[in-house]
1. Given the structure, is residue 86 modelled with pLDDT of 95 or more, on the phi < 0 side of the Ramachandran plot and either surrounded by 12 or more Cβ atoms within 10 Å (Cβ to Cβ) or touching a strand residue (DSSP E or B) at 6+ places or on another chain (Cβ under 7 Å) (or both)?
2. Checking residue 44 against (1) at pLDDT 85 or above; (2) exposed (fewer than 13 other Cβ atoms within 10 Å of the Cβ); (3) not in a helix (DSSP H, G or I): exactly one of these is not met. Which one?
3. From the list 77, 65, 98, pick out the single residue that is in a helix (DSSP H, G or I) and either closer than 26 Å to residue 19 by Cα or touching a helix residue (DSSP H, G or I) at 6+ places or on another chain (Cβ under 9 Å) (or both).
4. Can you pull out every residue in the stretch 1-39 that is surrounded by 11 or more Cβ atoms within 10 Å (Cβ to Cβ) and modelled with pLDDT under 90?
5. Would you be able to say whether some residue in the stretch 70-90 is more than 20 Å from residue 26 (Cβ to Cβ), in contact (Cβ under 8 Å) with a residue 12 or more places away in the chain and more than 16 Å from the chain's Cα centre (by Cα)?
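The values are calculated or read from the model by the stated rules, or taken from the named source; none is laboratory data. It should be emphasised that the depicted structure is a prediction, and the values quoted were computed from it without experimental measurement. With ideal geometry, Cβ positions are generated from the backbone for all residues, glycine too; neighbour counts draw on all protein chains shown.
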């Protein structure tokens, strides 16, 4: 395997490396985003949202955008402290996604009544 400096991300400038990372992931991320938009178009907006349904909606959006957030969080053009904040945000949403089903199972409308 050759180490061509124009394709080796370790020798590229931040702009070139960022463009390469975006290009490498664009097709799959575009597919996820299109699927998410189609799915969200079919949501019933006439039904009143509950806290639980809002949580599930956020987690659904996060799952679709997680690959994009991963790419953005790794771009050398983004300042390091911003990348760290994006990584923390993704980790927090990952943790929330793990307990999301438990929250859904525990939440019962009118349970306090």
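1. Yes.
2. (1)
3. 65
4. Within the stretch 1-39, 7, 8, 9, 11, 12, 14 qualify.
5. no
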